[in-house]
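The values are calculated or read from the model by the stated rules, or taken from the named source; none is laboratory data. Model, not experiment: these values are computed from the prediction. Cβ sites come from the backbone with ideal geometry, for glycine too, and all protein chains shown count toward neighbours.
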């Protein structure tokens, strides 16, 4: 049995990646295989439920703003209480935490199924259950994110994070398609029922794990000021704070696909649930490709993070003005690729740059910013979509994402001692635009990380 606490690299440095690893190398670890198998089942159910939930709210209210409110309520607890989830993840055994949270998520899915199948569901029921799901996720998210390193160790963390994303996106390929068929054929309630039952798979996987094979990470004892300690830790490290800032902008304004896609399907293309499921499947296909490409990557530089965020935002701008349905649909593929490249790069970089004893609190702040921004961005994008149309809503979110990438990129370049160089000379050894070290500057942070 190896020890993560003893073998972890120094914060801000990546493990040695000179040994070539395969795309699925972390699946050689039995505990992680159990985790990933359970996750793909529950993730499929979760995507079915998300599509059914959005469509249920839209069918009851006819409003994209109401869909935005539902999304906001589900992620509001992360904004309000996210840091507390990180303290819990650092303080208690993560496997036991996940057994409790996964059971609670399944129970809430079954409750929504019972209300819908009985014909008594109202929009306020969906709102309350969405908020309750968010409360459970406050604890589940940082525990699940940081439990990965306990299963595979720091040497495989980048691969495992990428495969987690690929797992999630593979489920996203199946879930929306199945949900579209179920909604059309028998109604949303059956999608909610299957989602609730799907959580039996991760619970079984957690119970079957060999705890002796987990990489031990020292738990943080109960004490005062741990939230403040975590915030000060992140604030003093540019390799943590600026990626998290960029994650906040992208998560708040760029990843509002439930609101945007329901707006396009309902008001631009005048179609139904099957088209909504199709568009979600297309963007999931691109995201899956992005996750698998990330799994092959040995290192992630912050400049890749910034470039992926900029490309993601600009592609949203182009998609917003696409003149035809199929052009819009095809643009969702690269949007998915660059969105997932940004997501996996940010997640793995922040985890690797964090001290193991701080990782739970750092990742809770990461998730609080990424997911917790939705209560702000969701209603805003929903209101813009309802008032000015889906195209303007998508265009606005893309512009914010692209401008945030430019701003954070310039800040990281300055912090890392870099300057922008424009070379108009032609030739294979000349780049038109690149960042180069300023005279007398230390090793650049942007290229090293």
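Tabulated data for the structure shown
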item	result
Qualifying residue in region 137-158 (condition: in contact with a helix residue (DSSP H, G or I) (Cβ under 7 Å, 6 or more places away or on another chain) and not in a helix (DSSP H, G or I))	yes
Qualifying residue in region 372-379 (condition: closer than 20 Å to residue 65 by Cα, crowded, with 23+ Cβ neighbours inside 10 Å and modelled with pLDDT of 80 or more)	yes
Residue match in region 164-185 (condition: assigned by TED's automatic domain parsing to the domain that holds residue 281, outside any helix (DSSP H, G or I) and without any contact (Cβ under 8 Å) to a residue 60 or more places away in the chain)	no
1 or more residues modelled with pLDDT under 80, crowded, with 23+ Cβ neighbours inside 10 Å and under 20 Å from the mean Cα position of the chain (by Cα): qualifying helices (runs of 4 or more DSSP H) within region 1-105	64-91
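Results for (1) in contact with a helix residue (DSSP H, G or I) (Cβ under 7 Å, 6 or more places away or on another chain); (2) crowded, with 22+ Cβ neighbours inside 10 Å; (3) in contact (Cβ under 8 Å) with a residue 60 or more places away in the chain; (4) part of a helix (DSSP H, G or I), shown as yes or no for each residue.
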site: 319; (1), (2), (3), (4): yes, yes, yes, yes
site: 329; (1), (2), (3), (4): yes, no, no, yes
site: 341; (1), (2), (3), (4): yes, yes, no, yes
site: 346; (1), (2), (3), (4): yes, yes, yes, yes
